[in-house]
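Notes to accompany the following structure.
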Amino acid sequence: QVCRGLRTPRLPVWLCGSAGRHGVLFGTDSRLLSDWRRERVFHLHWYSGQREQTRTAHLTVDTHSHPWEEDPRADPGSPGRRWPSLEMAIRTKWAGATVSWNGTDPFF
């Protein structure tokens, strides 16, 4: 028997796997699950348990960013342009969102 808390979590939590690495992406705002207006700008945390990750990464997700706010010198179509796999996973839920790593080096 699976308890009700595991079937319907009180906080947003996703188990992610990419490039052979697994981790937990989670939020601390329970209203993110029930109120779409909370999805404008919100915070998520990433923890992988990898030896090189000494602390949980704090991410800020903005789902209403505009392309003209990006760096005009950065060419998004450039073959050298790489996006962290965690950002790509976040964009499967929130298409077009921008992710700020808040001083943490992005995990590729």
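Quick note: the coordinates plus some simple rules give every number you see, no bench work behind them. Please read all numbers here as calculations on a predicted model, not as lab measurements. As a convention, Cβ positions derive from the backbone with ideal geometry for all residues, glycine included, and neighbour counts pool all protein chains shown.
Remarks
- Using θ = phi - 60° in the Karplus curve 6.51 cos²θ - 1.76 cosθ + 1.60, the 3J(HN,Hα) couplings for the stretch 101-106 round to 8, 6, x, 8, 5, x Hz; x is entered for Gly and Pro.
- In order along the stretch 24-30, the phi-based Karplus estimate (6.51 cos²θ - 1.76 cosθ + 1.60, θ = phi - 60°) of 3J(HN,Hα) comes to 10, 10, 9, x, 10, 9, 5 Hz; Gly and Pro are listed as x.
- Counted charge near Leu25, where neighbours are those whose Cβ lies closer than 14 Å (Asp, Glu -1; Lys, Arg +1): +1
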